[in-house]
Amino acid sequence: MSAALELLRPDLRDFAGYSSARRTSASGSVWLNANESPEPSIADGGLSLNRYPDPQPRALRERLAALYAVAPEQLMVTRGSDEGIDLLVRAFCRAGRDGVAVAPPCFGMYAVCARVQGAPLVDVPLMDADGQWRLNLPALVDAVTERNVRIVFLCSPANPTGQALDIDQIRTLAASLAGRAVLVIDEAYGEYSAIASASTLLAEFPGLVVLRTMSKAYALAGARIGCVLADPELIAVLRNLSAPYPVPAPSAALALAALSDAGITQARQRCELAITEREALRRGLLSLPGVTRVYPSQGNYLLVRFNRTQDVFDRLLSAGIVVRDMRAMEGLGDALRITVGTPAENAAVLAALQQEVAA
Ligand SMILES: *Cc1c(COP(=O)(O)O)cnc(C)c1O
């Protein structure tokens, strides 16, 4: 048994999941084993959607594995990375007993999935040291030991701070947590950062998991395609816990098309533009008097602190611009998160804020 599986919920160790019709290895030409309609719908569009899909669409899985430089067995295609987060919490945490640790301010889904599973949430807040967010590594390791934490979620580049963890930090943490808790690095914004992916450490640490998604840089948020990269034995377990057919065939087809050579080239060019725009937006914001802090970002968004945050939020709204209000998050009582849009949209943000300053 791989080291990652030793941390699995004991009650799930010999659980084989639902045995769906598509998981049989039978081959034939007349398929009467899944109560499907023998004929496609009028809406079909050539995808044979009268049939249940491959639980792990093979071509897509192989393409994603090549993109992230892992073997196909190390990858599970999920309904967005949100599904990956949920499956991981379910796999490792018994309700009321096994904890989930996070480093707020961070993405909210880790806490939501912990709550739904009844897993105690342990906060180990980031420390804001003069514009640099720092992970409290000793506190994180203590939390794992003292509060029975089974899974640690970190995001890099982090939402909402924009900061990325370097690979040495991840290696150090993965080494300290080995055999004690699973370390999940959520790389939803990895394409906007020059920092190496934690997936390069997978072979070294069987308790390490990396999440990727097509929702951001690949512009497919509506298709719900993400993936979990992990030890092949852990991938097999997560597949057993998931819904029988987690990946809708139209979404798989779209994702595969988006991963054509032309699709990858387009995504890379758009990332470069987003990075240029991000830096321009940051400079523009920094030049405004009511702005007290713009954190450096390696994502496609900026976390910004203002003197009069409510006025700024209202001014943007009255210009028709909706940004994310971060004020309910601990330590971010004066902050908004602004996604980098098109050049025209970013210019509109700056124009609206210049008016706010003038007002
Ligand atoms: C946007 C985002 C995701 C993406 O979730 P999907 O379910 O793949 O759309 C994951 N993690 C973080 C931190 C995000 O900000």
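The values are calculated or read from the model by the stated rules, or taken from the named source; none is laboratory data. None of these values were measured; they are calculated from a predicted model. Every residue, glycine among them, receives a Cβ derived from its backbone with ideal geometry; neighbour counts consider all protein chains shown. Remember, those area values only see protein heavy atoms, side chains included, never the ligands or the DNA or RNA. Shrake-Rupley method; radii C 1.70, N 1.55, O 1.52, S 1.80 Å.
Couple of notes before you dig in:
- The equivalent ellipsoid of the stretch 167-236 has semi-axes of 23, 15, 8 Å, largest first, where each one is the square root of 5 times an eigenvalue of the Cα gyration tensor.
- With protein chains left intact and a 1.4 Å probe, residues in the stretch 181-237 average 27 Å² of accessible area per residue.
- Across the stretch 135-265, Cα-Cα pairs farther apart than 20 Å form 51% of the total.
- Relative pair counts by distance (%), Cα atoms of the chain, 20 Å bins: 28, 53, 18, 1
- Rolling a 1.4 angstrom probe over the protein heavy atoms with all chains in place gives the stretch 1-157 an accessible area of 51 Å² per residue.
- Modelled spin-label separation between Leu273 and Arg97, with each label point placed 7 Å from Cα along the Cα-to-Cβ direction: 5.2 nm.
- With all projection directions averaged, the alpha carbon convex hull of the stretch 1-133 covers 13.0 nm².
- Rounded tilt (10° steps) of 58-67 against the dominant C-alpha axis of the chain: 40
- One compactness figure for the stretch 42-119 is 1.46, namely its Cα radius of gyration divided by 2.2 N^0.38 Å.
- Computed P(r) (all Cα pairs; the stretch 134-180; 10 Å bins; percent): 24, 55, 21
- The value of relative contact order for the stretch 169-259, using C-alpha pairs under 8 Å at least six residues apart, is 23 percent.
- Beta bridge orientation in the stretch 46-155: antiparallel %, DSSP, nearest 5: 30
- Ordered from longest to shortest, the equivalent ellipsoid semi-axes for the stretch 81-124 are 15, 13, 7 Å, each the square root of 5 times a Cα gyration tensor eigenvalue.
- Between helix 167-177 and the chain: long-axis angle, C-alpha atoms, 0 to 90°, nearest 10: 60
- If you run the Gaussian network model on the chain, springs between alpha carbon atoms under 10 Å, then out of Ala164, Ala129, Ala262 the most flexible one is Ala129.
- Three principal axis extents describe the C-alpha atoms of the stretch 281-359; from largest down they are 30, 28, 22 Å.
- Stretched out straight at 0.36 nm per residue, the stretch from Arg308 to Glu6 would grow longer than its current Cα-Cα span by 103.7 nm.
- One quarter of the convex hull surface built on the alpha carbon atoms of the stretch 197-342 amounts to 11.9 nm², the projected area averaged over directions.
- Of the solvent-accessible surface of the chain, computed with a 1.4 Å probe over protein heavy atoms with every protein chain present, carbon and sulfur atoms account for 53 percent.
- Rg/Rh (Cα only; Kirkwood hydrodynamic radius) as it applies to the stretch 62-211: 0.94
- Computed from Cα positions, the angle between helix 137-146 and the longest principal axis of the chain comes to roughly 50 degrees.
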